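Comments concern the structure below.
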Amino acid sequence: MATKKSIGIDLGGTNIACALVEDGKLLHKVSIPTRAKEGKEYVFNAIFEAIESILAQTNTSKEEVEGIGIGVPGLVDIDRGVVKLAPNLFWEHVPVKEIIEKKFKLPVAVDNDANAAALGEVLNGAGKGNNDVVCITIGTGIGSGLIINGKIHHGLNGGAGEFGHVTVKEDGPLCNCGNQGCLETLTSATAIANEGMKILKASKTSILAQFVTEGQPLGAKEVFLAAEKGDKECKEVIEQACKSLGMALANVVNLLNPQQIIVGGGVSHAGDALFRPLTKWINHYSLDILNKDLSVDPAQLGNDAGIVGAAGLIN
């Protein structure tokens, strides 16, 4: 029996990525601007356009498509397919499933984008073959998706996985959520870059200064590069960030006993400079019996993880 294809959509605040997917493999992808400020109707028309474009460009009929899955950056009522809150899209209580099903007469599944990315990595990425996986993304903030017994874990209100708001320092920096010392205030790409800026302001002759391009904002990448070249202060920034992240992940290991932790986002491209100290601190703070078979790996699918996972919501 021929396998059916599905359409996966990663709806971001900046772009809408849409792809035809078969057995976890991306066959063809299109990307168009979201332009969320233009309003909800505009965004849905853009989604419709992306889906119709995929079908036309791949010469695929709707009858060949099993359904449409969509990952959204916000809180989702999974059962009803309603986006309860998506600040980047300026959405509240939007019935995404109903709207897209009415247009295409196909089954539609909606989930949080971090959950979709985690599922994508498990279906055809770094976590393929594993059933218990914690997938985190380190970028402007820190997001996560939990795969338990091969399925996305949503929690009571669909909000499981707010890993960036785990408190790791009681009197730490103020977070956008209103609390102090949230993980993402200490270990996100933004937090690492902010610490780098402090180093630059204190000394224009630091090794870090060699990696800064005039007119370009300092990023976490430059802090990692300077640390690798021997900048002691940058090394300390990376060590402290990995210690906080490792401590938080160790608590997850002790609580859930996962097979694997997958790390994605721009910071994961730092390679061993991130994964060596991170693994060290995870092992330090978690129980030996729980970490001895644990693997900590970089994500493999990059920006395509959310699309593959969204398509995988249709099963």
Within the bounds of the stretch 223-242, is there any residue that is closer than 22 Å to residue 262 by Cα, without any contact (Cβ under 8 Å) to a residue 60 or more places away in the chain, of a type in the set (Gly, Ala, Ser) and outside any loop (DSSP other than H, G, I, E, B)? yes
If residue 267 meets every condition in (1) closer than 25 Å to residue 26 by Cβ; (2) surrounded by fewer than 16 Cβ atoms within 10 Å (Cβ to Cβ) apart from one, which number is that one? (2)
When restricted to 106, 89, 75, the only residue out of contact with any Phe, Trp or Tyr (no Cβ under 6 Å at 6 or more places or on another chain), more than 16 Å from residue 44 (Cα to Cα) and not aromatic (Phe, Trp, Tyr) is 75
I'd like to verify a number: residues in the stretch 183-216 that are more than 23 Å from residue 244 (Cβ to Cβ) and not in a helix (DSSP H, G or I), how many? 8
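Looking at the stretch 166-177, is at least one residue within 25 Å of the chain's Cα centre (by Cα), farther than 30 Å from residue 148 by Cα, modelled with pLDDT of 90 or more and crowded, with 19+ Cβ neighbours inside 10 Å?
Checked the stretch 166-177: no residue is within 25 Å of the chain's Cα centre (by Cα), farther than 30 Å from residue 148 by Cα, modelled with pLDDT of 90 or more and crowded, with 19+ Cβ neighbours inside 10 Å.
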Do the conditions hold for residue 170, that is, is it more than 22 Å from residue 264 (Cβ to Cβ), assigned to a loop (DSSP other than H, G, I, E, B) and not hydroxyl-bearing (Ser, Thr, Tyr)? yes
When you scan the stretch 266-315 for helices (runs of 4 or more DSSP H) that lie fully inside it, which ones turn up with 1 or more residues that are under 14 Å from residue 122 (Cα atoms)? 305-312
Out of curiosity, is residue 76 part of a strand (DSSP E or B), in contact (Cβ under 8 Å) with a residue 60 or more places away in the chain and under 22 Å from residue 19 (Cα atoms)? yes
Taking the condition of being more than 19 Å from the chain's Cα centre (by Cα), over 30 Å from residue 82 (Cβ atoms) and not polar (S, T, N, Q), how many residues in the stretch 178-192 meet it? 1
Quick one: which of 39, 24 is over 23 Å from the mean Cα position of the chain (by Cα) and on the phi > 0 side of the Ramachandran plot? 39
Mind telling me which of the residues 206, 188 ends up being of a type in the set (S, T, N, Q) and buried (at least 22 other Cβ atoms within 10 Å of the Cβ)? 188
Filtering the stretch 244-276 down to residues that are touching a residue at least 60 places away in the same chain (Cβ under 8 Å) and small (Gly, Ala, Ser) yields 244, 248, 264, 265, 266, 268
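The values are calculated or read from the model by the stated rules, or taken from the named source; none is laboratory data. Everything quoted here is computed from the prediction, not taken from an experiment. As a convention, Cβ positions derive from the backbone with ideal geometry for all residues, glycine included, and neighbour counts pool all protein chains shown.
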